[in-house]
Amino acid sequence: YATLPAGENKFRDLDTDVDNNTYTYRVSAQDSCGSTSVFSNVGKSILLNAQKEGVGVKLTWTPYEDWQFGVQRYRIEVFNEASGLWEVVDYVQGSETEYFDTSTRFEQGSFCYRVIAEELGGNRVVSLSNEDCIIQESLVYAPSAFTPNTDGVNDYFELKGILIESVTYRIYSRWGMLIYTGNSLEDICDGSFQVDPVKEGAYVYVIEGVGTGGKTFILRGTVTVLR
């Protein structure tokens, strides 16, 4: 515990590990005669945990307790690095202690979350959790087929990706002949080789690149040309 001088009504506890533990506080006052008052209401920190699961992020947290009327709702926020602001993901009822986020789509290396409990009863009191972050993996998508028939629909082989620092890809015929080389996500294959259209059928692609944190990757697959 800590003792504060008379007139001081703020205390900052630096001897904590808020990313791994939750803490509960209460205060009492002592007069000049040594008499001690009853303890105050309890203040409690919220411990948040974020984990990557499939296509989303699962958030779980310890409930806030000991407000007289309980928690009205929890506000879930994520940090947007582009704007430098915390943005609301969603609200859940005060009885909930988990949430699955599938809507956040920032192109940034990590997603940092926090949860804010709002008191029931109109007192506008809140309690803030720790911040917990998950590393966003680099992703590259390649089509399984394309139709280079100039109808304006799916005419090209092109890659889509997020958090890609650099990428090179090559497309080969079934006999191993190099048909196309692309050096960025913006490079697209129109289904031709040396000006002439390639034949229908399956072709092999090899994608090499650098993603989040300088991590290299190689992807291999096939794409079918349909005319």
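Summary table
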read-out: Filter result for the condition that a residue is closer than 17 Å to residue 136 by Cβ and either in contact (Cβ under 8 Å) with a residue 24 or more places away in the chain or over 11 Å from the mean Cα position of the chain (by Cα) (or both), over 118, 98, 107; value: 107
read-out: Segment 198-227, subset farther than 11 Å from residue 168 by Cα and of a type in the set (Ser, Thr, Tyr), residue surrounded by the fewest Cβ atoms within 10 Å (Cβ to Cβ); value: 216
read-out: Top-ranked residue of segment 62-93 - restricted to ones that are closer than 15 Å to residue 24 by Cα and open to solvent by less than 60 Å² (accessible area, probe 1.4 Å), ranked as nearest to the chain's Cα centre (by Cα); value: 62
read-out: First in segment 192-209 and outside any strand (DSSP E or B), second anywhere and open to solvent by less than 90 Å² (accessible area, probe 1.4 Å), Cβ under 7 Å, 6 or more apart; value: 198/179; 198/191; 198/192; 198/225; 200/225; 200/226
read-out: One residue from 129, 184, 192 being under 30 Å from residue 43 (Cβ atoms) and either at pLDDT 90 or above or among the acidic types (Asp, Glu) (or both); value: 129
read-out: Which numbered condition residue 8 fails, given (1) farther than 28 Å from residue 136 by Cβ; (2) of a type in the set (Asp, Glu); (3) touching a residue at least 40 places away in the same chain (Cβ under 8 Å); value: (3)
read-out: Yes/no for residue 179 being without any contact (Cβ under 8 Å) to a residue 40 or more places away in the chain, more than 30 Å from residue 44 (Cβ to Cβ) and either of a type in the set (A, V, I, L, M) or in a strand (DSSP E or B) (or both); value: yes
read-out: Residues (touching a Phe, Trp or Tyr at 6+ places or on another chain (Cβ under 9 Å), surrounded by 13 or more Cβ atoms within 10 Å (Cβ to Cβ) and β-branched (Val, Ile, Thr)) located in segment 168-197; value: 171, 179, 188
read-out: Number of the condition not met by residue 224 [criteria: (1) more than 30 Å from residue 108 (Cα to Cα); (2) in a loop (DSSP other than H, G, I, E, B)]; value: (2)
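The values are calculated or read from the model by the stated rules, or taken from the named source; none is laboratory data. As the structure is a computational prediction, the values presented were derived from the model and not from experiment. Glycine also receives a Cβ, built like all others from the backbone with ideal geometry; neighbour counts cover every protein chain displayed. All accessible areas refer to the heavy atoms of the entire protein, side chains included, with ligands and DNA or RNA removed. Shrake-Rupley method; radii C 1.70, N 1.55, O 1.52, S 1.80 Å.
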